[in-house]
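Structure first, then comments.
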Amino acid sequence: GTWDAFNPEVAQAQSSSGGHSMAELDAQLAHLEQNLKDNPSDVNGWMLYARTNDALKRFDKASAAYEKLASLLQGSARAQVLADWADCLAAQTGNLSGRPEALVDEALKIEPSLWKALALKGTALYNRGEYRQAASVWERILRTQEPGSEDWSNTIAMVNDARAKAGMPQLTETAQVKRLEERPSGRAASPAAAAKLSGTVTISPDLKSKLSGDETVFVFARPVEGSKMPVAVTQL
């Protein structure tokens, strides 16, 4: 009843200590496979089966399970599965070209801000030497990340690697924050469409006592409904 029962890393560690966990895992997978034959619309079962086989590097079975999931799901859930499926195929062949990239493109049509699909698309472009395009795709990931976070900094490093190879100027974290303050289309908002936000940032006494007063704070606004992409960011 727990994920550890299907976790290959846990099973391998237990097996190396003299247990029979990998054999038990195989038996559980065989049982799950039979259940899926009896209940072919069990989305949760297919998800567990796909990801467990993916983790075990049994890519043929994982790929077939992702394909089944893609036929059962719609919307953002399907987009995520398409990205996982593309990643699985790429791991199997060592190449994103062809079917994996086509799946990524399909995922991005459904969910344009899906970070995994954007990461894979940028990698496919980068591997073909299309560095300018790769940098542009990877920059879109920044819109879904918290400014100043580790993921944010790592993504900027990827972007700057591609920019350097394309002969483009480097992107600084401060510059990217300013760019997020602009509209996604790159055009200024018309006066009628413009909106102003105001407020006060407060810090709990427990946290405040641990701060020096020199910290950088990023404040960003997200829509209440729909996409969680920041629509405004400011650095203090």
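Binning the alpha carbon pair distances of segment 81-169 at 5 angstrom intervals from zero yields the distribution 3, 17, 24, 22, 20, 11, 2, 0, expressed in whole percent. The portion of the accessible surface of segment 29-177 made up by carbon and sulfur, rounded to a whole percent, is 48 (1.4 Å probe; DNA, RNA and ligands excluded).
Between T216 and D105, the contour length at 0.36 nm per residue exceeds the alpha carbon distance by 36.3 nm. The simple Förster model, with R0 at 25 Å and r as the Cβ-Cβ distance, assigns L207 and N154 a FRET efficiency of 0.50. All Cα-Cα separations within segment 24-124 were binned at 10 Å from zero, giving a P(r) of 17, 47, 28, 8, 0, each value a whole percent of the pairs. Other residues with beta-carbon under 12 Å from the beta-carbon of H31 carry, at +1 per Lys or Arg and -1 per Asp or Glu, a net charge of -3.
Take 82-91, 200-209, 33-42, 136-145 and order them by the average number of nearby Cβ atoms within 10 Å per residue, most first; the result is 82-91, 136-145, 33-42, 200-209.
The values are calculated or read from the model by the stated rules, or taken from the named source; none is laboratory data. Treat the numbers as computed from the prediction; the structure is a model and nothing was measured. Using ideal geometry, Cβ is built from the backbone for each residue, glycine included, and neighbour counts are taken over all protein chains shown. The accessibility values were calculated without ligands, DNA or RNA, using every heavy atom of the protein model including side chains. Shrake-Rupley method; radii C 1.70, N 1.55, O 1.52, S 1.80 Å.
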